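Here the structure comes first, spelled out in C-alpha cells, and everything after it is commentary.
The values are calculated or read from the model by the stated rules, or taken from the named source; none is laboratory data. These numbers were taken from a predicted model, which means no experiment stands behind them. Cβ atoms come from the backbone with ideal geometry, glycine included; neighbour counts cover every protein chain shown. These area figures cover heavy atoms from the full protein model, side chains too; ligands, DNA and RNA do not enter into them. Shrake-Rupley method; radii C 1.70, N 1.55, O 1.52, S 1.80 Å.
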Amino acid sequence: MKKHKYWKKIEEDWAGFSAEIVFNSKHFDNANTTIFLGSEFDDQGEEIETVPNDNKLNDFESTYIKFINNLDPIIDEIMTKTFERYLLLYAHYYENEEKSGEKPLNIDSKEKHFEKIKNLVYIRILDNENIQIPIRYELDTEHGIEIRLENNKVIAIGGIAET
C-alpha cells in the first residue's frame, strides 16, 4: 500500500494497482468505478508488482484531471466513434431481422447506440496521457468494447484488452 496526495490510498488489486478515489459520471450507469494506475503487465507479460513511483502518480493525476475537465467533449467523440464502429461491424446483423432472427434494434444515432455501452469495467490511467476504458458492451458480451484515449482523443477502439 502507498499513499498519494491526490489518489489517496493505492493498493494492489485484481488488475493492477487501484486508487482509493473512484470515477463517477452522469454518462455511465456505474457508480464508484475503480481507477487503475499504470499497466497491469510489463513488456514481457509479467504482472507489475511495484506501485508506481511518485512522479508517475503525479503524471497520472494530471492525465486524469484533464480527462475529467474535458469529459463532455470526450464522451461526444466516444459516442461518435463507437456508433461508426457499430455501423461497420454490427448493424448489418442487428438491424436485419433475417440475419438476427429478432426485430431490428433501430439504432440509428450515436445517442441510441451509447445506451448499449454504459457499463464500465474500470478506468485505467497509463503513461503518456493514455487512458483505457473497458466497457461491458450489450451487443457483444463476449468481447466487450474498449476505448483508448491519448491526450483526450480516441486513438483506438476494439474488444477488451485489444487497445
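At-a-glance table
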| read-out | value |
| --- | --- |
| Qualifying positions in region 66-77 - more than 25 Å from W14 (Cβ to Cβ) and either of a type outside the set (S, T, N, Q) or not in a loop (DSSP other than H, G, I, E, B) (or both) | K66, N69, L71, D72, P73, I74, I75, D76, E77 |
| Subset of region 1-49 that is in a loop (DSSP other than H, G, I, E, B), of a type in the set (S, T, Y) and within 20 Å of the chain's Cα centre (by Cα) - its residue that is modelled with the lowest pLDDT | S39 |
| I75 in contact with a His (Cβ under 6 Å, 6 or more places away or on another chain) and within 16 Å of N152 (Cα to Cα) | yes |
| Residue among E49, E11 that alone is acidic (D, E), touching a residue at least 12 places away in the same chain (Cβ under 8 Å), farther than 18 Å from I131 by Cα and open to solvent by 30 Å² or more (accessible area, probe 1.4 Å) | E49 |
| Residue ID - nearest to L139 (Cα to Cα), chosen from residues in region 54-82 that are open to solvent by 30 Å² or more (accessible area, probe 1.4 Å) and of a type in the set (S, T, N, Q) | T80 |
| Selection from region 25-46 of residues that are in contact with a strand residue (DSSP E or B) (Cβ under 7 Å, 6 or more places away or on another chain), over 21 Å from N128 (Cα atoms) and open to solvent by 60 Å² or more (accessible area, probe 1.4 Å) | D29, N32 |
